[in-house]
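First comes the structure, then the notes that go with it.
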Amino acid sequence: MVVAITPDGVLIRDTGVGMSPDRVAEMYQPFVRGEGRRRGGHGVGLTIVRRLSDRFGWPVTIGSQPGVGTSVEIRFPSARVESLEA
C-alpha cells in the first residue's frame, strides 16, 4: 500500500485484488466492504469520507481493476501549503 500526501490532497493506492466497476459504485454505501477482504473492518470508512467530501467540496475518486488494485484520491482544492516549523 502507498499513501502519498500531495500539496492539494491524499492518494491511497494498493495492489490488492481490486474491484469490479459495479462494486466500486457501491463502496460509499454504509457497511459495504471491498472484495476479498482479509482483515477486520465494518465498511464505514468511505461512507464517512463521502459525507465529509460532500460537505466541504473535496472531490473523491476511486479507480480499481480486478486483479490489479485500487486507488482512492481525495483532493482539497482550496488547500494551501504552510510550513509547520516554529
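The values are calculated or read from the model by the stated rules, or taken from the named source; none is laboratory data. Bear in mind that the values here come from a model prediction, so they are computed numbers and not experimental data. Note that we place each Cβ from the backbone using ideal geometry, even for glycine, and neighbour counts take in every protein chain shown.
Only residues that are closer than 15 Å to PRO59 by Cα and loosely packed, with under 15 Cβ neighbours inside 10 Å were counted in region 11-24, giving 1.
Within region 42-56, the only residue that satisfies the criterion of being at pLDDT below 65 and among the small types (Gly, Ala, Ser) is GLY43.
Counting only residues that are more than 16 Å from VAL3 (Cβ to Cβ), touching a residue at least 24 places away in the same chain (Cβ under 8 Å) and within 12 Å of the chain's Cα centre (by Cα), region 59-86 holds 1 of them.
Residue pairs whose Cβ atoms lie under 6 Å apart, separated by 6 or more positions or on different chains, with the first residue in region 1-28 and in a helix (DSSP H, G or I) and the second aliphatic (A, V, I, L, M) and at pLDDT 85 or above, are VAL24/ILE62. Taken over region 27-40, the criterion of being modelled with pLDDT of 65 or more and among the small types (Gly, Ala, Ser) is satisfied by GLY34 alone.
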